[in-house]
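Take a look at the structure set out below.
The values are calculated or read from the model by the stated rules, or taken from the named source; none is laboratory data. Small disclaimer: the values here were computed from a predicted structure and weren't measured. Counting neighbours? That spans all protein chains shown, and the Cβs are built from the backbone with ideal geometry, glycine included. Surface accessibility is based on the protein's heavy atoms, side chains included, excluding ligands, DNA and RNA. Shrake-Rupley method; radii C 1.70, N 1.55, O 1.52, S 1.80 Å.
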Amino acid sequence: MESKEWSSGVWTHLTAVRRQSPLVQCITNFVSMDLVANTLLSAGASPAMVHSVAEVPDFTPHIHALFVNVGTLTPDWLPSMKAAAELAAQLGKPWVLDPAAVSCSGFRLKACLELVEIKPSVIKGNGSEIIALSGSASQGQTKGADSSHESTEAIEAAKSLALSSGAVVAVSGAVDIVTDGKRVIGVHNGTKMMQRITATGCSLAGLVAAFLAVDPLQPLEATVSAMSVFGIAGELGEELANGPASLRMHLIDSLYGLDETTVLSRVKITRLG
Amino acid sequence: MESKEWSSGVWTHLTAVRRQSPLVQCITNFVSMDLVANTLLSAGASPAMVHSVAEVPDFTPHIHALFVNVGTLTPDWLPSMKAAAELAAQLGKPWVLDPAAVSCSGFRLKACLELVEIKPSVIKGNGSEIIALSGSASQGQTKGADSSHESTEAIEAAKSLALSSGAVVAVSGAVDIVTDGKRVIGVHNGTKMMQRITATGCSLAGLVAAFLAVDPLQPLEATVSAMSVFGIAGELGEELANGPASLRMHLIDSLYGLDETTVLSRVKITRLG
Amino acid sequence: MESKEWSSGVWTHLTAVRRQSPLVQCITNFVSMDLVANTLLSAGASPAMVHSVAEVPDFTPHIHALFVNVGTLTPDWLPSMKAAAELAAQLGKPWVLDPAAVSCSGFRLKACLELVEIKPSVIKGNGSEIIALSGSASQGQTKGADSSHESTEAIEAAKSLALSSGAVVAVSGAVDIVTDGKRVIGVHNGTKMMQRITATGCSLAGLVAAFLAVDPLQPLEATVSAMSVFGIAGELGEELANGPASLRMHLIDSLYGLDETTVLSRVKITRLG
């Protein structure tokens, strides 16, 4: 299946998000809350940053998808992540795990491995994070939030993690990789400067949750669509930008304004394996 | 009283904020802290995000107004909200409650009802929040941060809540409603796209606190002025915007630059009841 | 040494940050996390908002510098600040303390004094904060985040604090002051409107940490360079801005795009004592 064949799927997913405005619970790091919320709002979804374990039993049954990101994890946040994920999984609602900076500590790696046990629909990380989480690399190669691996270096790790976890695994990078362990898809949209804006990776993962909400039975396709849409918005944004801060603004504006012609002409998705 | 008669009041309030630069303590949700602070700074106020219960006894006596928003409430934040509200109320300082997403859990509804007992000067919510808080609707109709009710549907709920709580009640929406239980005022400024930016509702509520600080004895008038000013800034912003992110930027710039002629010509306030 | 002599040092420091992309651990307040991260990313550094005490033993040994800001301090955050600072100091890594709103409570003043004991490389505050921390003023003169003193009023307090603490002390203001207790340097870059954007002070302090990371043995020179670079980015930003929000955007874009000619022609640094 080539780009042309994927394009209509991407547009179908985006219009479904805009029409259905799925309620996406986000338990994400402090740095990213603003951009994640604005990304989801500009895509047409309804984000809710509800992270208290006291609210999970009442709130999580009403959501359409859950997004969990461990970027500023502390021990007191882990129980609500687990409780929300367990309830979502039990109720058949899709959920996305972003193992941000997973290898920065033994505590965080252990927490992420425990979250993987709760069967996320999609795991989204950069190359270094996916390699660390899949056990393909010794802990300690990357310590911060930025990746020291190209996404394409992480393909085998991603496939392995997909097979062992049952999740679709997405690796963001110059080429975004999405795999269910069998199929490997490459999304070639996006621009390099997006890495110079904090929380773009988190926001993409949140957007994946919104797309899953409208197509929960096809997590690979929904993930590919979200990554392409976000990448296209970034490309359009960069055409107007003078640096990372104006790119951030134009990216969100572009995501809000995306039309069918632009999407169909810009989607770049290929089968890699 | 028609728009023309309100206009000079709006301008008087804004210039008082700019001149006095009131110190506004904000105990608000994580998502909104950045935009609340920048809204207050651009209006000329001095925001202080001081939320530790350990600091309330020393700090709160020095503030000019308090803003409390429960958007990312957890049980450990509630004591500081209560302590600051109680001290503010005791010292005769105005305070604003924003019961964000009040119906997302029984925990949050109970917390908000307890905060209402501490006699906020103003309660600011969207239609769904005010209806839920006033007990006019069964819990559970709206689960997220976005409203499923028009503000005008909440007029009776707002009046009832105003009478039972003693607070001025403000309902943001296509038309903003402000009532003290007897008078009902409609503020027709603002634009629809502001709802696609996270934390605009929180920022408006924070701005109400700044306006209350300079006119604590007229909470209805101060609230109406703040809502009109924020709405006008949004209208000016939208004329320059290409989407939600540029609207956010231009809104803050416009709030900073508002001049008398623009304010006087744009205020749209009517008596609705 | 006059501006011309400092200019090449400023450019050398900036290019070193861009080339080495130092990993800077930031334990900062909630309001500032987004802007601090984007400031560091646009300057070429790699920020990591890792604040859990559970992660300090694993993570902090890998960083190149640490930044601690107490802007939204609560008692549960203090242990991780201390643990990270102690480990950084022990491992010879530079660290920066920003005693934001230090005088807003006895709790916060005590916490900052304890942090000063852990030998920060640089202490960065506004005039009121440095005066309060150095004991030159009774607690209580300034209660919020904004300064009620010009930086130049704080020179003696800064020198005294530098001598007693062993840190380089930086005072942001219309003229930024940097002193090691003997030399007093004035940085005349920057614009007044930057004070109307929340977290610019925090972001500047975070940038100082990134510059220290590439020149840890010359903390005064690295601090002066960071303050000049940030001020120049603000000046360039203001030329394009219509208010605080567009200034914030253009400041970050400008920091990202700074070239040698611009830096060399704009640095304004003088010896004041």
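Filtering the range B:31-45 to residues that are open to solvent by 10 Å² or more (accessible area, probe 1.4 Å) and in contact with a Gly (Cβ under 8 Å, 6 or more places away or on another chain) leaves only B:V31. Any residue that is within 13 Å of B:L220 (Cβ to Cβ) and open to solvent by 10 Å² or more (accessible area, probe 1.4 Å) - is there at least one of those in the range B:191-200? Looking for residues that are within 13 Å of B:L220 (Cβ to Cβ) and open to solvent by 10 Å² or more (accessible area, probe 1.4 Å), one finds none in the range B:191-200, hence no. Scan the range C:207-240 for residues that are closer than 19 Å to C:A174 by Cα and small (G, A, S) and the total you get is 7.
Residues are listed down the side, and each one gets a yes or a no for (1) touching a helix residue (DSSP H, G or I) at 6+ places or on another chain (Cβ under 9 Å); (2) over 30 Å from A:R248 (Cα atoms):
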residue	(1), (2)
B:H149	yes, yes
B:V169	yes, yes
B:V214	yes, yes
B:L217	no, yes
B:L220	no, yes
B:R248	yes, no
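Taking the conditions exactly as written (open to solvent by 10 Å² or more (accessible area, probe 1.4 Å), closer than 21 Å to C:D146 by Cα and under 16 Å from the mean Cα position of the chain (by Cα)), does B:H64 satisfy them or not? So B:H64 fits the description; yes.
Scoring A:A157 on the criteria (1) away from chain C (no Cβ under 14 Å); (2) in contact (Cβ under 8 Å) with a residue 40 or more places away in the chain; (3) open to solvent by less than 30 Å² (accessible area, probe 1.4 Å) leaves a single failure, condition (2).
If you check A:V169 against the conditions, is it aliphatic (A, V, I, L, M), surrounded by fewer than 22 Cβ atoms within 10 Å (Cβ to Cβ) and in contact (Cβ under 8 Å) with a residue 24 or more places away in the chain? When the stated conditions are applied, A:V169 does not pass them. For residues that are open to solvent by 10 Å² or more (accessible area, probe 1.4 Å) and more than 23 Å from C:T74 (Cβ to Cβ), tally how many sit in the range B:111-125. Of the residues in that region, 5 qualify. Say whether the condition of being farther than 19 Å from B:G106 by Cβ, of a type in the set (S, T, N, Q) and touching a strand residue (DSSP E or B) at 6+ places or on another chain (Cβ under 8 Å) is met by at least one residue in the range A:41-62. Yes, some residue in the range A:41-62 is farther than 19 Å from B:G106 by Cβ, of a type in the set (S, T, N, Q) and touching a strand residue (DSSP E or B) at 6+ places or on another chain (Cβ under 8 Å). With respect to (1) touching a Phe, Trp or Tyr at 6+ places or on another chain (Cβ under 9 Å); (2) farther than 30 Å from A:S203 by Cα, the lone exception for B:R196 is condition (2). In this entry, C:G125 is excluded by the filter for residues that are small (G, A, S) and in a loop (DSSP other than H, G, I, E, B). Filter the range B:201-255 down to residues that are β-branched (V, I, T) and more than 14 Å from chain A (Cβ to nearest Cβ) and give me whichever is surrounded by the most Cβ atoms within 10 Å (Cβ to Cβ). By that ranking, first place goes to B:T223. Among the residues of the range C:70-93, those identified as away from chain B (no Cβ under 14 Å) and in a loop (DSSP other than H, G, I, E, B) are C:L91, C:G92, C:K93. One residue stands out among those in the range C:126-139 that are touching a His at 6+ places or on another chain (Cβ under 8 Å) and either of a type in the set (S, T, Y) or open to solvent by less than 10 Å² (accessible area, probe 1.4 Å) (or both): the one that is farthest from the other protein chains (Cβ to nearest Cβ), which is C:G127. In the condition set (1) touching a helix residue (DSSP H, G or I) at 6+ places or on another chain (Cβ under 6 Å); (2) free of Cβ contacts under 8 Å to residues at least 12 places away in the same chain; (3) within 30 Å of A:C104 (Cβ to Cβ); (4) not aliphatic (A, V, I, L, M), A:T74 is compliant with all but (1). For the range B:1-15, filtering for residues that are modelled with pLDDT of 95 or more and either part of a loop (DSSP other than H, G, I, E, B) or open to solvent by less than 10 Å² (accessible area, probe 1.4 Å) (or both) leaves 2. Scanning the range C:174-189 for residues that are open to solvent by 30 Å² or more (accessible area, probe 1.4 Å) and under 16 Å from the mean Cα position of the chain (by Cα) returns C:A174, C:V175, C:D180, C:H188.
Taken over the range A:37-69, the criterion of being within 7 Å of chain B (Cβ to nearest Cβ), in a helix (DSSP H, G or I) and not polar (S, T, N, Q) is satisfied by A:A37, A:L41, A:D58, A:F59, A:H62. Being outside any helix (DSSP H, G or I) and without any contact (Cβ under 8 Å) to a residue 60 or more places away in the chain: is that true of C:V96 here? Considered against the rule, which asks whether it is outside any helix (DSSP H, G or I) and without any contact (Cβ under 8 Å) to a residue 60 or more places away in the chain, C:V96 comes out as no.
Residues that are free of Cβ contacts under 8 Å to residues at least 60 places away in the same chain and assigned to a loop (DSSP other than H, G, I, E, B) within the range B:18-36 comprise B:S21, B:F30, listed in sequence order.
Screening the range A:165-273 for strands (runs of 3 or more DSSP E) wholly inside it with 1 or more residues that are polar (S, T, N, Q) returns the ranges A:168-172, A:176-179, A:269-271.
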